[in-house]
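For reference, the structure is listed below as structure tokens.
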Amino acid sequence: MEHQQKNAYSLTELNEIARDLRLDILDMTTKAGSGHPSSSFSAVEILTAIYFGGILNYRPDDPWWQARDRFIMSKGHAAPLLYAVLARAGYFERDLLWELRQINSPVQGHPVQGMLPGVEATTGSLGQGLSLGLGHILGGRINTLDYHVYVLLGDGECEAGQIWEAAMAAAHFNAHRMTAILDYNKYQETGPISREMALEPLASKWESFGWDVKEVDGHDIGALLKELTAVKELHGKPTIIIAHTTKGKGVSFVEQDFTFHGRALNPEQAVKAREEILCQ
Amino acid sequence: MSVGEKAGLELSKPMRDVFGDALLSVCDANPRVVVLDGDLGNSTKAEYVRQKYPHRFFNIGIAESNLVGVGAGLAACDLIPWITSFSSFLLCNAYDQIRLAVALSNINAKILGSHGGITLGKDGPTQMGIEDLALMGGLPTMVILVPSDPASMHAAVKAATDHIGPVFLRSSRVPMPIIYPRDNTPFEIGKANTVRLGDDLTIIACGLMVGMALDAAAELAVEGIQARVLDLHTIRPLDKQAISAAARETGAIVTAEEHLLQGGMGSNVARLVAETHPVPMRFIGLEDVYVESANPDDLLKKYKLTSADIFAAAQEVYQAKQG
């Protein structure tokens with residue numbers, strides 16, 4: 001099973017996949033009684049485009065195939081989204097999703113490398129994913145494989161120095177097969193980013209570090225696909241796609257309450273959320 | 001450096017140079033080995049690889065967190081990265097990255113912490129790795145190696161490279177006494193080497209302190225006390241068999257390490273002795289202190305890491321054993 005064929009799904013179908021992924025995230029976190037649903041919701045369309053829009057070259061039945069494209073979830077707290085995507089892609093049985101955060105299960109609260117097929121990296125202490133991605137780029141050169149590396153960054157984690165160490169190094173090593181996607185949902189754990197830390201001007205920061213910068217509506221799968229397809233063309237620089245998103249996207253009362261960052265919806269809230277998601 | 005003289009041992013060239021040679025050897029032997037540097041390759045001697053295999057060498061710059069992350073990514077590509085820098089900077093700056101991306105991920109990466117201990121000397125306490133064994137000891141699954149001479153350094157670098165999984169290896173700036181023959185060195189991860197036979201007490205040491213222990217043992221022999229000396233080159237996994245046998249057969253133990261006593265080799269040995277066969281023990285190491293700039297011999301003397309300190313501790317445990 002290889003999901004590299006272009007346009008295997010129509011845009012309508014991709015949006016249906018996104019809707020189903022949101023339902024999985026909701027069910028997983030509510031059943032677990034904890035987790036980060038709102039941080040997962042904001043990046044649903046981004047991962048849908050990458051995994052099901054013909055961008056990522058991967059083989060669920062041969063997960064560590066050497067020539068695979070890499071996807072690294074640097075914002076590890078969006079683990080429920082990653083697991084939902086990997087299950088849907090066929091890396092493992094969907095039933096495993098309901099074991100999230102349970103004892104004796106490989107479905108850890110944050111991703112741990114080696115526990116599940118398709119999980120490329122251990123993340124959850126923020127700021128680390130871009131460096132790992134650069135290691136995969138340099139490894140690809142030694143192994144003479146020209147795969148692409150995608151790293152999903154959170155906005156809050158761009159406060160970490162390691163992100164900028166890696167950004168500087170990726171440009172230095174001309175890592176043109178590296179694409180970072182920034183899930184710019186404008187909130188970190190304790191509140192709005194603009195209030196907590198001066199992250200802006202973000203685009204010019206990345207540009208000054210030697211990256212090509214694109215900006216896109218992070219919930220518009222068509223727009224995401226256009227940018228993700230364009231960056232596959234070699235142009236000598238790493239690229240960051242700043243995807244403007246809404247934290248908690250898809251559930252109105254989660255979008256309006258940033259304290260859902262590290263909190264699952266309770267069963268009553270989940271019923272209401274399900275109704276909202278199903279209307280989309 | 002005054003170490004090894006009383007035991008009749010010659011000094012090697014600086015151990016960092018030996019590490020550079022050993023690293024180049026494993027690169028020669030295995031094309032999967034790659035080397036990462038935190039801009040200290042001319043001090044750690046990882047630069048030997050840069051000169052011969054520039055495409056397998058990456059200077060990641062003065063950015064240890066990224067250094068470890070990039071190394072972990074390379075390991076995930078079925079390569080064998082040696083991530084190199086000073087023990088102090090690498091471990092203290094990038095502990096979280098080593099914890100998540102290397103240890104918890106159980107990847108096949110090797111970490112070289114150079115300039116371990118206090119014998120780097122004049123550059124002072126900011127550069128000294130006096131807590132590296134404790135830090136690496138805090139990471140489950142991390143193999144911890146502290147070679148004591150050139151031949152054991154070569155053997156340790158090869159064993160670390162061949163081992164599948166995370167390994168930390170400590171090297172030093174200074175020369176060490178030549179203890180083992182160059183081409184016939186017993187070195188198995190997790191198996192201590194008995195470098196001197198004796199049944200009156202045991203000195204368990206690692207790194208530079210193995211030479212110091214042999215000096216102390218030579219002086220003890222003059223007093224009629226025969227000390228067994230174990231080169232505990234592997235701090236994890238600990239050689240339970242050799243340590244419990246030492247406790248049982250010799251009835252008294254001194255440990256000696258160029259490291260803080262808290263969380264170092266001695267405390268690990270003590271736990272094992274307490275669980276298997278409790279005997280009188282004394283511990284040579286740094287007592288809850290940051291040291292200072294000075295030449296290595298002056299530091300070793302002031303902070304009580306000499307063969308004379310081991311000798312005195314050995315006499316104490318020997319008397320305690322007699323009851």
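Can you tell me which of (1) under 26 Å from A:Ile277 (Cα atoms); (2) out of contact with any strand residue (DSSP E or B) (no Cβ under 8 Å at 6 or more places or on another chain) is the one A:His244 doesn't meet?
(2)
Might you check whether a residue that is under 16 Å from A:Gly135 (Cβ atoms) and among the charged types (D, E, K, R) occurs anywhere in the stretch B:74-93?
yes
Of the residues that make up the stretch B:199-211, is at least one crowded, with 22+ Cβ neighbours inside 10 Å and over 26 Å from B:Glu275 (Cβ atoms)?
Yes, the stretch B:199-211 contains a residue that is crowded, with 22+ Cβ neighbours inside 10 Å and over 26 Å from B:Glu275 (Cβ atoms).
Going through B:Leu135, B:Leu145 one at a time, which residue ends up being among the aliphatic types (A, V, I, L, M) and out of contact with any His (no Cβ under 8 Å at 6 or more places or on another chain)?
Only one candidate passes the filter, namely B:Leu135.
Only one of these is of a type in the set (A, V, I, L, M, F, W, C) and either facing chain A (nearest Cβ under 7 Å) or over 22 Å from the mean Cα position of the chain (by Cα) (or both): B:Ala94, B:Ala109, B:Ala101. Name it.
Among B:Ala94, B:Ala109, B:Ala101, only B:Ala101 is of a type in the set (A, V, I, L, M, F, W, C) and either facing chain A (nearest Cβ under 7 Å) or over 22 Å from the mean Cα position of the chain (by Cα) (or both).
Inside the stretch B:99-134, can you point out the residues that are without any contact (Cβ under 8 Å) to a residue 60 or more places away in the chain and part of a helix (DSSP H, G or I)?
B:Arg99, B:Leu100, B:Ala101, B:Leu104
Could you look through the stretch B:59-71, keep only residues that are of a type outside the set (S, T, N, Q) and closer than 18 Å to A:Gly140 by Cβ, and pick out the one that is nearest to the other protein chains (Cβ to nearest Cβ)?
B:Gly69
Quick check, is B:Leu74 within 14 Å of chain A (Cβ to nearest Cβ) and either assigned to a loop (DSSP other than H, G, I, E, B) or touching a Gly at 6+ places or on another chain (Cβ under 6 Å) (or both)?
When the stated conditions are applied, B:Leu74 passes them.
Looking only at the stretch A:70-123, which residues are in a helix (DSSP H, G or I) and within 13 Å of chain B (Cβ to nearest Cβ)?
Once the filter is applied, which keeps residues that are in a helix (DSSP H, G or I) and within 13 Å of chain B (Cβ to nearest Cβ), the stretch A:70-123 yields only A:Gly76.
Looking only at helices (runs of 4 or more DSSP H) that fall completely inside the stretch B:14-71, which ones have 2 or more residues that are among the polar types (S, T, N, Q), under 30 Å from B:Ile178 (Cα atoms) and in the same structural domain as B:Leu91 (by TED's automatic domain parsing)?
Per the criteria, B:41-44.
Looking at the stretch A:207-249, which of its residues are in a helix (DSSP H, G or I) and not basic (Lys, Arg)?
If the condition is that a residue be in a helix (DSSP H, G or I) and not basic (Lys, Arg), then A:Glu207, A:Ser208, A:Ile221, A:Gly222, A:Ala223, A:Leu224, A:Leu225, A:Glu227, A:Leu228, A:Thr229, A:Ala230 are the ones that fit.
Can you report the number of residues in the stretch A:259-273 which are part of a loop (DSSP other than H, G, I, E, B) and surrounded by 12 or more Cβ atoms within 10 Å (Cβ to Cβ)?
Number of matching residues: 5.
Given the options A:Tyr83, A:Tyr9, name the one that is surrounded by 24 or more Cβ atoms within 10 Å (Cβ to Cβ) and among the aromatic types (Phe, Trp, Tyr).
Going through A:Tyr83, A:Tyr9 in turn, the sole match is A:Tyr83.
What is the residue count in the stretch B:150-172 for residues that are assigned to a loop (DSSP other than H, G, I, E, B) and surrounded by fewer than 23 Cβ atoms within 10 Å (Cβ to Cβ)?
3
Determine which single condition B:Lys122 fails, assuming it passes every other condition in (1) more than 20 Å from the chain's Cα centre (by Cα); (2) within 14 Å of another protein chain (Cβ to nearest Cβ).
With respect to (1) more than 20 Å from the chain's Cα centre (by Cα); (2) within 14 Å of another protein chain (Cβ to nearest Cβ), B:Lys122 is out only on (2).
Please specify each residue of the stretch A:124-144 satisfying the condition of being assigned to a loop (DSSP other than H, G, I, E, B), at the interface with another protein chain (Cβ under 7 Å from one of its Cβ atoms) and buried (at least 24 other Cβ atoms within 10 Å of the Cβ).
The one that is assigned to a loop (DSSP other than H, G, I, E, B), at the interface with another protein chain (Cβ under 7 Å from one of its Cβ atoms) and buried (at least 24 other Cβ atoms within 10 Å of the Cβ): A:Gln128.
Given the structure, is B:Ile80 in contact (Cβ under 8 Å) with a residue 60 or more places away in the chain, within 12 Å of chain A (Cβ to nearest Cβ) and within 20 Å of A:Thr122 (Cβ to Cβ)?
Yes: the conditions hold for B:Ile80.
Go through (1) in a loop (DSSP other than H, G, I, E, B); (2) touching a Lys or Arg at 6+ places or on another chain (Cβ under 6 Å) one by one and return the number of the condition A:Ser38 breaks.
A:Ser38 satisfies every listed condition except (1).
Take the residues in the stretch A:151-188 that are of a type in the set (Phe, Trp, Tyr) and more than 13 Å from every other protein chain (Cβ to nearest Cβ), then tell me which one is nearest to A:Ser74 (Cα to Cα).
The qualifying residue nearest to A:Ser74 (Cα to Cα) is A:Tyr184.
The values are calculated or read from the model by the stated rules, or taken from the named source; none is laboratory data. All of these numbers come straight from a predicted model, not from anything done at the bench. All Cβ positions, even for glycine, are placed from backbone atoms using ideal geometry, and neighbour counts span all protein chains on display.
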